Amino acid sequence: MKLFSIRSPFLFLSLLDILLLAMQPRLSRADVGTAAHYSPPYTPTTCFGNDPSQFPSSNLFAAAGEGIWDNGASCGRQYLVRCISASVSGTCIPSQTIQVRIVDRALSSSSSPSSNGATIVLSTTAFGTIAKSSATAVNVEYQQV
C-alpha cells in the first residue's frame, strides 16, 4: 500500500506547504494591553532609585504594570508601544510607535497613574507621542525588544 503515488504530487506538495508554513516564525510577537500615563515626580523609582541616568534623554520611559512587572525583571527592558484604539475616536496618533524603557513599577511609582490596572504606564512625553494627552487610557500593542 502506497501513501503517495506519482499521480498525487499535488497532494504531497500541499502537505509540504502546510508543514513549511507551520514551521515559520510569526511575523508579529506583539501583545495587546492598556496604557495610562503618569506625571512627575518620577523619582525615586523602584528599579533605579534616584539615579538620573535611568531616564532616556528622549523622556520615553514607563512604569510596568503587574502583567509585565515580572518580579522586577522588567527593570531596564525596552518595549515598542503603539496606540491601537481608545474609547474616543481619533485619540490615537496614527503611525506612531515609540520605544520606552521600564524604570519603575506602576503600583509603587511616586505619582499615581491616570488609570489603575494598566499594562504599562507611560511618561507624559511617551503617552503624548502616541495618543492625545487628554486621554486617561488607551489600548496598545506592545512588544519587548
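The values are calculated or read from the model by the stated rules, or taken from the named source; none is laboratory data. Computed from a prediction, not measured in an experiment: that's the story for all the values here. Cβ placement follows ideal geometry from the backbone for every residue including glycine, while neighbour counts extend to all protein chains displayed.
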(request) Would you check if Gly49 is modelled with pLDDT of 95 or more and under 24 Å from Glu141 (Cβ atoms)? (result) no
On the basis of being in contact with a Cys (Cβ under 6 Å, 6 or more places away or on another chain) and modelled with pLDDT of 95 or more, does Ile130 make the cut? yes
